[in-house]
Amino acid sequence: MWLITWTGFLILRTLGPTIRFAISWEEGSPGSLESRPFVYSFWHSCMLPAMYLWRNLKIRVMSSDSFDGEYTGRIMQKFGFVKVRGSSSRFAVKALLGMRRELEQGWIVAFTLDGPRGPRQVVKPGPVLLARATGVPMAMFHIALSDAWVLNTWDRLMIPKPFSRALMRVGRTIAVPEDADDAQREEALGKLQASLDRCRDFAEANVQKAGSAEFPFHSRR
């Protein structure tokens, strides 16, 4: 566990500064990485570039007790994220209560929404339940890479190649009424899926324009 954690951290810490990030905000999106609180969602495949771009913002993330979840959580902690124990399949209620407490204290929480084992790019209800319970709106993003190694895994995990371009597209926020009934929750879930798909399609179609006047490179320490 120690070896995997440090190897993963050092690889991403070495690759991260070479990635040339650009950010595109949909109208009605948060507009800043630091804006909070929000319930963020993104697909598992872009976890690594997201981990570097969103580093040191103390974002709360759900981490399972599985072997994979444990070392992933430890790597994320080294990049300034805060683990909340649980997963979509085990200890889900405990984890959602923990995420709710973090939102009520004003933090950002984030879900790799098709993790930990898929199905790939299919939303789960956790963010909708949290948004309804807290009144905090949902937000979502996708990061596309111009050059990446894509693993032959269920999530098609992307490892950025050195000096690749990355375009993050952030969708407009979605509110869920606190008195939302089953039909309204299903509607919000459909909007979340559509927004994540729209962000993915936009980022992948425009990633080669990262660094242009339309999508200038973004830098943060």
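The values are calculated or read from the model by the stated rules, or taken from the named source; none is laboratory data. Since the model is a prediction, treat every value here as computed from it, not as a measurement. Counting neighbours? That spans all protein chains shown, and the Cβs are built from the backbone with ideal geometry, glycine included. SASA here: full protein model, heavy atoms, side chains in, ligands and nucleic acids out. Shrake-Rupley method; radii C 1.70, N 1.55, O 1.52, S 1.80 Å.
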Assigned charges on the beta-carbon of Lys, Arg, Asp, Glu; segment 87-221 dipole about Cα centre (debye): 560 debye
At q = 0.13, 0.19, 0.25, 0.26 Å⁻¹, what is the log10 ratio I(q)/I(0) for segment 7-61, with the Debye formula run over Cα points and no solvent? -0.38, -0.81, -1.28, -1.34
In this structure, the FRET efficiency calculated for LEU3 and VAL122 from their beta-carbon separation, with R0 = 25 Å, to the nearest 0.05, is 0.15
Efficiency by 1/(1 + (r/R0)^6): what FRET value for THR14 and LYS58, r their Cβ-Cβ distance, R0 = 25 Å, to the nearest 0.05? 0.60
Put a dot 7 Å past each Cα toward the Cβ at ALA194 and ASP147; how far apart are the dots in nm? 3.8 nm
If amide H atoms are modeled at 1.01 Å from N in the peptide plane, then the residues at a separation of 5 or more from VAL84, or on another chain, having amide H under 5 Å from its own are VAL61, MET62, SER63
Would you please give the residues with an amide H less than 5 Å from that of ALA22, counting only those at least 5 places away or on a separate chain, with H modeled from the backbone geometry? ALA166, LEU167, MET168, HIS218
Distance in nm between ALA205 and PHE217 label points, each 7 Å along Cα→Cβ, equals 2.6 nm
Across the alpha-carbon set of the chain, Rg over Rh with Rh taken as the Kirkwood radius works out to 0.94
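For LYS94 and GLN184, FRET efficiency with R0 = 25 Å and r from the beta-carbon atoms, rounded to 0.05? All intermediate terms of the calculation are to be shown ahead of the outcome.
Working: r = 26 Å, r/R0 = 1.02.
Once the sixth-power term is evaluated, E becomes 0.45.
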Put +1 on the Cβ of each Lys and Arg and -1 on the Cβ of each Asp and Glu in the chain; which of PHE141, THR5, CYS46 then has its Cα farthest toward the positive end of the dipole? THR5
Residues whose placed amide H lies under 5 Å from that of GLY115, excluding near-sequence neighbours: HIS44
For segment 94-221, I need the span (max minus min coordinate) of the C-alpha atoms along each principal axis, in Å, sorted largest to smallest. 46, 33, 28
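Which value, in Å³ per residue, describes the convex hull spanned by the Cα atoms of segment 101-153?
Working: hull volume 5.6 nm³, N = 53.
Once divided by residue count, the hull of segment 101-153 is 106 Å³.
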At a 1.4 Å probe radius, carbon and sulfur cover how many percent of the accessible area of segment 11-74? 48 percent
